[in-house]
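Let me begin by presenting the structure, written as C-alpha cells, before commenting on it.
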Amino acid sequence: MAVAPIDVARSAAQAAGEIIARYFREGVTMRLKNPCDLVSDADVNAEQAIVDVVRAAFPGHAVLAEEKHKDSIDAEHLWVIDPLDGTTNFAHHIPHFGVSIAYLHRGVAQCGVIYNPLRDDWYTAERGAGAFHNGQRLGVSEHKNLNETLVGLGFYYDRGALMEATLTAVHALFQEQIHGVRRFGAASLDLCAVAEGLFGAFFEYVLSPWDYAAGKLLVEEAGGLVTTCTGHTLGLTRSSVLASNGHLHEAMLEVIARHDPGVTA
Ligand code: IPD
Ligand code: CA
Ligand code: CA
C-alpha cells in the first residue's frame, strides 16, 4: 500500500526532533549566516535527516529547504522544509522552536506538520481534513474587532527599513486598541497560534516559504485566511505574510498594508 505523505512528514519531523533535542541538551556551536542570523549543526543535520526520510519514501520528489536543498518550486511534488524554525530561541535556550514540513502537489499544500520536539507538541493538517494540535481539532478565534484580540508578529533579520516598518505598524496597531502584541520567535508556531485561536492575526513583512508553507495550511484548515500583507495571494516566494481568523483580515490590512516595504527578492 502507498505510504501517505502526512505519515512520512511525521516520521521525518520525529527524526529531526530527536537530533534537535539532543543538541539542545548537549549544546552546540552557533555560527552567523548573516548579521544576527544564526545557524548550527542542529539545523543542518536535522534538515538532512528529514530529506533522508522523505527521499526514502518518495525518491522522485523535490525538496526546498532552508539550509541546503534548493530544488525548483515548480516541481510537481515538492517538500518545503524548515528543519529548525526559531533558531534564535534555540541558541538562547528558549524551548520554543519547531520543525516545519509541508508537502505540495502542483504548488498546492496537501499536508503540513509543525513539531516542537521539546514539548512533544504536534500540529498537523491535511487539505480538506482539518487542522489538529496533538489530535485536538483546531479553530481560529471568533474575534471580529481588533480591540478584542492579540496580534503576533515577527521581525526579519534586519535592523533597517524592515525593522522600522514593523515598529511603525505595531504603533499603528496599538492605536486600534489591540490587547497586545506578541513576538514568540518562530513563525511556523505563530501560524499555529492563529490556527489555534490564540492570536486573532499574525504578520511579518518578510518570510521565506519554509517559514510559512506548513503553517499556512494549518491556518486555512482551521478556518482562517493567509495572504501577503497587501492582501495578495501568497505564492511560494519570499514575501510578507498576514494570517488571520478571516474576520480581522480587512482591518489588519487597513493598518499594516501601507507600511509593507514590499521586499520579495
Ligand atoms: C525565523 C523565525 C522568526 C522570524 C524570522 C525567521 P529561523 O526563522 O521564524 O520568528 O521572525 O523571520 O527567519 O531563522 O529561526 O528558521
Ligand atoms: Ca524559519
Ligand atoms: Ca530555520
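Observations on the structure shown:
- When ARG159 is tested against (1) touching a strand residue (DSSP E or B) at 6+ places or on another chain (Cβ under 9 Å); (2) within 22 Å of ARG238 (Cβ to Cβ), only condition (1) is not met.
- From ALA187, ALA195, residue being closer than 13 Å to SER141 by Cα and touching a residue at least 24 places away in the same chain (Cβ under 8 Å): ALA195
- Residue match in the range 214-222 (condition: without any contact (Cβ under 8 Å) to a residue 40 or more places away in the chain and β-branched (Val, Ile, Thr)): no
- Summed over the range 65-90, residues that are among the aliphatic types (A, V, I, L, M) and away from ligand 2 (no atom under 13 Å from the Cβ) total 3.
- Only one of the numbered conditions (1) among the aliphatic types (A, V, I, L, M); (2) under 18 Å from ASP82 (Cα atoms); (3) more than 16 Å from ligand 1 (Cβ to nearest atom) is not met by VAL219, and that is (3).
- Whichever residue in the range 136-183 is hydroxyl-bearing (Ser, Thr, Tyr) and within 16 Å of ligand 2 (Cβ to nearest atom) and, among such residues, is nearest to VAL194 (Cα to Cα): TYR156
- Within the range 88-112, considering residues that are crowded, with 23+ Cβ neighbours inside 10 Å, within 19 Å of SER208 (Cβ to Cβ) and not aliphatic (A, V, I, L, M), the one farthest from ligand 3 (Cβ to nearest atom): TYR103
- Residue in the range 121-141 that is under 20 Å from GLU204 (Cβ atoms), within 11 Å of ligand 1 (Cβ to nearest atom) and touching a Leu at 6+ places or on another chain (Cβ under 7 Å) present: no
- The residue list SER40, SER72 contains one member that is crowded, with 19+ Cβ neighbours inside 10 Å, at pLDDT below 95 and of a type in the set (S, T, N, Q), which is SER40.
- When ALA125, ALA102 are screened for being more than 14 Å from ligand 2 (Cβ to nearest atom) and closer than 25 Å to PHE199 by Cα, only ALA125 passes.
- The lone criterion from (1) within 16 Å of ligand 1 (Cβ to nearest atom); (2) of a type outside the set (Lys, Arg); (3) surrounded by fewer than 24 Cβ atoms within 10 Å (Cβ to Cβ) left unmet by TYR115 is number (3).
- Restricting the search to strands (runs of 3 or more DSSP E) fully inside the range 172-265 and requiring at least 2 residues that are buried (at least 19 other Cβ atoms within 10 Å of the Cβ) and either among the charged types (D, E, K, R) or more than 16 Å from ligand 3 (Cβ to nearest atom) (or both) gives 201-207, 225-227, 239-244.
The values are calculated or read from the model by the stated rules, or taken from the named source; none is laboratory data. What you are looking at is a predicted structure, and each value in this text was computed from that prediction instead of being measured. Backbone-built Cβ (ideal geometry, glycine too); neighbour counts: all protein chains shown.
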